[in-house]
1. Could you grab me the full set of residues in segment 119-147 that are part of a loop (DSSP other than H, G, I, E, B) and within 21 Å of Trp67 (Cα to Cα)?
2. Would you check if Met69 is closer than 21 Å to Gly149 by Cα, touching a Gly at 6+ places or on another chain (Cβ under 9 Å) and among the aliphatic types (A, V, I, L, M)?
3. Check Pro88, Pro93 and return the single one that is surrounded by fewer than 16 Cβ atoms within 10 Å (Cβ to Cβ) and not charged (D, E, K, R).
4. So for segment 105-119 (the condition being open to solvent by 20 Å² or more (accessible area, probe 1.4 Å), touching a strand residue (DSSP E or B) at 6+ places or on another chain (Cβ under 6 Å) and of a type in the set (Lys, Arg)), does at least one residue qualify?
5. Return the residues of segment 53-71 that are open to solvent by 60 Å² or more (accessible area, probe 1.4 Å) and among the small types (Gly, Ala, Ser); say none if nothing qualifies.
6. Please go through segment 24-48 and pick out each residue that is charged (D, E, K, R) and open to solvent by less than 80 Å² (accessible area, probe 1.4 Å).
7. Tell me which residues, restricted to segment 8-42, are under 15 Å from Glu58 (Cβ atoms) and polar (S, T, N, Q).
Amino acid sequence: MQYDSRELDRRLEKLKVLVVDDEPFMRKVVRTLLTGMGVRNIVEAHDGMHGLDAIRREQPDVVILDWSMPGLDGPAFVRMVRSPQTFPMPDIPIIMLTGHGERAKVIEAIEIGVNEFLLKPVSTKSLRDRMAAVLLNPRPNIRSGQYYGPAPRKLVDIHRDEDDSKTLIYLN
């Protein structure tokens with residue numbers, strides 16, 4: 001992903017990020033990665049319900065969310081946030097950070113309105129790239145039937161690599 005690194009650094013310094021994860025160690029890891037990228041304002045929540053409260057109270061710019069949590073899990077959290085008729089910040093960018101990389105989970109994340117998807121263990125580069133995507137190249141939120149969330153990426157081209165595998169090229 002190509003982006004203006006200086007512009008991203010400037011945006012990260014002013015950003016407020018909410019990290020919602022039931023594991024204290026994982027919250028610490030994400031906090032360390034974000035701090036290393038220049039984010040100075042980080043709010044944490046240990047479960048989905050406290051995460052919803054933190055959005056209402058703190059009004060963060062981005063949410064980094066775990067999939068599996070007791071009580072209100074990540075998918076249920078996203079469905080509640082992406083309810084413009086009942087939730088005050090339905091357009092907030094959500095990055096799902098999870099150890100569940102199964103195809104069905106990725107598809108579900110897209111279908112419920114997650115902006116970006118990251119697998120644990122996470123690297124600074126991959127988190128920075130996802131932050132750049134939601135900050136520097138945001139997709140507008142749309143309503144389509146029951147769906148409310150980021151507009152899907154548009155498929156631009158399909159071509160065959162030399163080994164005859166398909167490569168999909170997306171326009172963000």
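The values are calculated or read from the model by the stated rules, or taken from the named source; none is laboratory data. Computed from a predicted structure; not experimentally measured. Cβ atoms come from the backbone with ideal geometry, glycine included; neighbour counts cover every protein chain shown. Remember, those area values only see protein heavy atoms, side chains included, never the ligands or the DNA or RNA. Shrake-Rupley method; radii C 1.70, N 1.55, O 1.52, S 1.80 Å.
1. From segment 119-147, those part of a loop (DSSP other than H, G, I, E, B) are 120-123, 137-140, 145-146; that's our starting set.
Result: Lys120, Pro121, Val122, Ser123.
2. Details: closer than 21 Å to Gly149 by Cα: no; touching a Gly at 6+ places or on another chain (Cβ under 9 Å): yes; among the aliphatic types (A, V, I, L, M): yes.
It is false that Met69 is closer than 21 Å to Gly149 by Cα, touching a Gly at 6+ places or on another chain (Cβ under 9 Å) and among the aliphatic types (A, V, I, L, M).
3. Values: Pro93 fails: surrounded by fewer than 16 Cβ atoms within 10 Å (Cβ to Cβ).
Exactly one of Pro88, Pro93 is surrounded by fewer than 16 Cβ atoms within 10 Å (Cβ to Cβ) and not charged (D, E, K, R), namely Pro88.
4. no
5. Result: Gly71, single match.
6. Initial filter on segment 24-48 (charged (D, E, K, R)): 27-28, 31, 40, 44, 47.
If the condition is that a residue be charged (D, E, K, R) and open to solvent by less than 80 Å² (accessible area, probe 1.4 Å), then Arg27, Glu44, Asp47 are the ones that fit.
7. Of everything in segment 8-42, just one residue is under 15 Å from Glu58 (Cβ atoms) and polar (S, T, N, Q), namely Asn41.
One line per residue, one yes/no per condition, for (1) of a type outside the set (Ser, Thr, Tyr); (2) assigned to a loop (DSSP other than H, G, I, E, B); (3) at pLDDT 95 or above:
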site	(1), (2), (3)
Gln2	yes, yes, no
Leu33	yes, no, yes
Leu52	yes, no, yes
Arg56	yes, no, yes
Val63	yes, no, yes
Met69	yes, yes, yes
Val78	yes, no, yes
Phe87	yes, yes, yes
Met96	yes, no, yes
